[in-house]
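First up is the structure itself, then whatever we jot down about it.
The values are calculated or read from the model by the stated rules, or taken from the named source; none is laboratory data. Just so you know, these numbers come straight off a predicted model, no measurement behind them. Cβ atoms come from the backbone with ideal geometry, glycine included; neighbour counts cover every protein chain shown.
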């Protein structure tokens, strides 16, 4: 029996595993990089071990240090979580060789499926060797790892070389393995996967399907179980293929077999020999704890002959600190508050006051809803996200709500090209027009001890806010009857709550302020100074770093004085193990390029200046 366990991971998945361990009475041990010294997963564990490393992200890739930490802490077992070393056969062997229990599949099974190229050969699927015009479009894909890293769509043959180079660099940075391969790219397919759970006694459970078609940058955003709209015949075929893959490598533990479904046919993609990020939807539908089952299988216990029967429908949304309207740019800073209403499940590695850094994936949390029907689950999740308090950097929350309510999604007609078609409309800001007034009134109550009333008429108070990229000016007065705003009746105002009556309808606003950043219900604003500092103005055409990161590459031959075209890539910035292309904002002359490869930059740092117009 496992009495103590170390999670060789961080963030949300470490917190998730610790939750189950507490329920089972298992002592928990965390590992952490210096950047994660005060992270939630470190605080939740009963013990924590620091991992020295060259960079915060690479620290969790040091299997030797993790095994050393496990032995020093005296644990019985190691759980790899997902990402990092979770699909590294050498790490699994090192854990076993140290006399510890590995809460995962046998190293041989990981080895057989860890490389997507080997997995495809095992399942009888060939990859492209020599790409021709007839093969286009194609997908360049990392052979190791996942999460969308090391993936590039290629639509023109002349772009293949750059895509291969970029994918190799990104894959090597994220997984320590730069191997990539090329396969046909299906434009309108559905990403459908099958959860399997196997023991060491020959029993293989197939736990239904999941649809993960809503993706950005090949990373999943919304997942659900079961996958809607599949015929009984196709579902049976997917189940059979998944069981075949598990049995082919004598699998044990939890794993996922992924397919692209197009024209009613399944195309094998890969087998993930670990727990998936989206496992909660399967847990909700089947009423099981997959982490607990992983631990029981690792202890050598047998599964019942048949799995539990599924009930209802579950949907999960991944809440990211990113700006969908700015090419999904990841965001950093302090997460002041993260609360969701009752009735949904929240899996997160953050709590109020934590810092969202640049070193890791920008996922803040997963929000999961379960209900008797799909329509009810989708409605419940959209409503919970809409009412959630997410105070801090920009997130994809509004995009998630609109996606869940989009007709293509509600009708179950989505595919992997959903955001290619609808991103512009879904990411368009729709702030509350009364949010600036509510912010101003709450601020007035908080700053004025006596209400600011004067016996003589005076000029109105003026406040300025930035909201959704635009500046808004608010005017109000203090009167003997309280605060007054033209056209709107102020029913109530205090520093945290404002009630306004507009056209006979009363609306309540919850206001929270963190320095100059203000959150009014789901709308975020920034308080602007009354007299802006001219020194803060940037030259026209300035390209500023959208996030902290490292300049990894400058476009070949690019230098100050070069003529560039709008949309042309100038440089690539790496942050959160992803490479982000920085493109020219307009056609003109590159007048400044003050950065070089390898240089680290902070958010807002000047990267380049493009002077619009002909050279």
Item to complete: Select from region 261-274 the residues that are modelled with pLDDT under 95 and not in a strand (DSSP E or B) and write down the one among them that is nearest to residue 183 (Cα to Cα).
Response: 263
Fill in: Elements of type strands (runs of 3 or more DSSP E) contained in region 293-340, each with 1 or more residues being touching a residue at least 24 places away in the same chain (Cβ under 8 Å) and farther than 30 Å from residue 548 by Cα
313-320
Worksheet item: If residue 61 satisfies every condition in (1) over 22 Å from the mean Cα position of the chain (by Cα); (2) outside any helix (DSSP H, G or I) but one, which is the exception?
Response: (1)
Practice prompt. From 183, 258, grab the single residue that is assigned by TED's automatic domain parsing to the domain that holds residue 281 and part of a strand (DSSP E or B).
Written response: 258
Item to complete: Identify all residues within region 352-373 that are crowded, with 18+ Cβ neighbours inside 10 Å, out of contact with any helix residue (DSSP H, G or I) (no Cβ under 7 Å at 6 or more places or on another chain) and farther than 21 Å from residue 16 by Cβ; write none if there are none.
Response: 358
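A quick yes/no check of all residues on (1) within 26 Å of residue 471 (Cβ to Cβ); (2) at pLDDT 90 or above; (3) out of contact with any helix residue (DSSP H, G or I) (no Cβ under 9 Å at 6 or more places or on another chain):
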position: 516; (1), (2), (3): yes, yes, yes
position: 520; (1), (2), (3): yes, yes, no
position: 527; (1), (2), (3): yes, yes, no
position: 543; (1), (2), (3): yes, yes, yes
position: 559; (1), (2), (3): no, yes, yes
position: 563; (1), (2), (3): no, yes, yes
position: 566; (1), (2), (3): yes, yes, yes
position: 570; (1), (2), (3): no, yes, yes
position: 573; (1), (2), (3): no, no, yes
Fill in: Boolean, residue 192 is crowded, with 22+ Cβ neighbours inside 10 Å and in a strand (DSSP E or B)
yes
Worksheet item: Can you find even one residue in region 131-138 that is surrounded by fewer than 17 Cβ atoms within 10 Å (Cβ to Cβ) and at positive phi?
Response: no
Fill in: Boolean, residue 597 is outside any strand (DSSP E or B), modelled with pLDDT under 95 and over 28 Å from residue 428 (Cβ atoms)
yes
Response to the item:
Just one listed residue, out of 495, 546, is in contact (Cβ under 8 Å) with a residue 24 or more places away in the chain, surrounded by 18 or more Cβ atoms within 10 Å (Cβ to Cβ) and not in a strand (DSSP E or B), and it is 546
Discussion item. Suppose we keep only residues that are part of a helix (DSSP H, G or I) and touching a strand residue (DSSP E or B) at 6+ places or on another chain (Cβ under 6 Å) within region 99-134. Which one would you say is nearest to residue 5 (Cα to Cα)?
Written reply: 113
Item to complete: Could you give me the residue pairs with C-beta distances under 7 Å whose first residue belongs to region 232-258 and is surrounded by fewer than 18 Cβ atoms within 10 Å (Cβ to Cβ), whose second residue is assigned to a helix (DSSP H, G or I) wherever it lies, and which are 6+ apart or on separate chains?
Response: 248/122; 250/109
Practice prompt. Among the residues of region 25-58, count how many are assigned to a helix (DSSP H, G or I) and surrounded by fewer than 16 Cβ atoms within 10 Å (Cβ to Cβ).
Written response: 3
